[in-house]
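Asker: Just passing along the structure, written as structure tokens.
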Amino acid sequence: MLRGMAAKPRVAIVGAGNLGTALGLALKRAGYAIEAVIARSRGASLQRARALAKQVGARASVDLSAVRADVIWFCVPDAGIARAARSLERGVDWKGRVALHSSGVLSSDELAGLRKRGALVASVHPLMTFVRGARPSLAGVPFAIEGDAAAVRAAGRVVRKLGGTAYSIGKQDKAAYHAWGTFASPLLTALLAATEEVAALAGVHRKAAKQRMIPILQQTLANYAAFGAAGAFSGPIVRGDVDTVKRHLRVLRGAPAARKVYTELARAALRYLPVKHGKSLKRLLDRSQD
């Protein structure tokens with residue numbers, strides 16, 4: 001940690017959305033003192049801040065002027081990070097403090113204004129999904145960190161106390177890193193939504209489809225974890241069953257958007273995974289675009 005900073009420094013969280021709430025609760029469980037939860041205004045944002053503050057034994061505020069926390073952690077949407085930092089620049093002694101933000105795509109330079117005022121800054125992004133009503137554990141979660149060396153060290157220590165794993169990432173790699181994370185969760189969720197539409201073609205309501213898919217989804221993830229993508233890949237494409245894929249494409253005309261998703265994912269399978277009769281399958285997919 002920084003010279004003069006406690007092993008578990010006091011923390012202030014800016015923003016009490018899904019990420020800020022999960023992080024605040026995790027920090028509290030790990031033994032960190034949350035001094036304040038900062039809101040951007042006195043409306044709904046302040047109400048959320050008060051709710052989180054009550055859970056973590058902090059106070060809610062709309063400014064940092066009376067806050068003595070060593071670590072200020074910005075948990076606001078990407079587009080609001082620089083604006084939030086600017087709004088909190090004045091009236092605060094930033095020298096020696098650590099300022100962090102948790103954008104996956106933006107670098108620590110979003111906090112450049114605070115750096116000029118003496119803060120040590122870093123971006124600290126957990127590769128995890130945060131949605132309303134869920135409070136995922138951060139144990140075992142990888143955190144990609146970049147920024148000022150001292151801030152990176154301080155952030156890495158906090159991550160390890162949370163049970164996560166910290167690793168360095170270059171500023172130039174953050175966009176690709178975040179795209180990877182988007183494939184792993186948000187776009188996977190979009191695929192599941194398309195899957196529900198296909199279930200409707202088979203006469204299965206969305207709610208029932210979700211319930212019936214859970215076992216195969218869980219086993220697919222278990223297979224991927226154990227055997228990797230190639231070992232987990234099953235079904236008609238890996239077998240090179242051209243006739244079955246042809247039947248799929250025919251019935252999927254009833255769900256044009258899902259048909260496009262199927263076609264592009266099948267092309268991805270031909271590119272990245274071991275399949276039989278790949279040339280025949282490619283010709284079929286090419287004809288389906290006509």
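Asker: Reachable aspartates and glutamates from LYS95, Cα under 16 Å, same-chain residues fewer than 8 places away excluded?
Answerer: Filter leaves ASP70, ASP148.
Asker: Report which label in (i) 61, 51, 32; (ii) 72, 54, 40; (iii) 69, 36, 34 holds the value of Cα extents along the principal axes in Å derived from the coordinates of this structure.
Answerer: Answer label, from the structure shown: (iii).
Asker: Please give the contour-minus-distance gain from ALA44 to HIS205: 0.36 nm per residue of separation, less the Cα-Cα distance, rounded to one decimal in nm.
Answerer: 54.4 nm
Asker: Could you rank the peptides 67-76, 154-163 by their average count of other C-beta atoms within 10 Å per residue, with the highest value first?
Answerer: Taking the mean over residues of other Cβ atoms within 10 Å, the ranking is 67-76, 154-163.
Asker: Let me ask something additional. Reachable lysines from LYS161, Cα under 18 Å, same-chain residues fewer than 8 places away excluded?
Answerer: LYS8, LYS28
Asker: Only Cα pairs under 8 Å and at least 6 apart count here; give the relative contact order of segment 11-173 as a rounded whole percent.
Answerer: 18 percent
Asker: Then there is this: Lysine pairs in segment 185-288 with Cα distance under 18 Å, only those 8 or more apart or on different chains: how many are there?
Answerer: Count of close lysine pairs: 5.
Asker: So how do 275-287, 85-97 stack up, highest first, on mean other-Cβ count within 10 Å?
Answerer: 85-97, 275-287
Asker: Below 23 Å, Cα to Cα, which lysines can LYS171 reach? Residues fewer than 8 away in the same chain don't count.
Answerer: Those lysines meeting the cut-off are LYS116.
Asker: Defining a contact as two alpha carbons under 8 Å apart and six or more residues distant in sequence, what relative contact order in percent does the chain show?
Answerer: RCO, the chain: 12 percent.
Asker: Taking R0 as 30 Å, what's the FRET efficiency between GLN218 and LYS260 from their Cβ-Cβ distance, rounded to 0.05?
Answerer: That pair, GLN218 with LYS260, gives E of 0.65.
Asker: With a 10 Å cut-off between alpha carbons and a GNM built on the chain, which of ALA199, ALA149, ALA226 moves the most?
Answerer: In the Gaussian network model the winner is ALA226.
Asker: Of GLN219, ALA7, LEU106, which is farthest along the charge dipole of the chain in the positive direction, counting Lys and Arg as +1 and Asp and Glu as -1 at C-beta?
Answerer: GLN219
Bear in mind that the values in this text are calculations on the coordinates, not laboratory data. Every value quoted in this text rests on a predicted model; they were computed, and no experiment measured them. Backbone-built Cβ (ideal geometry, glycine too); neighbour counts: all protein chains shown.
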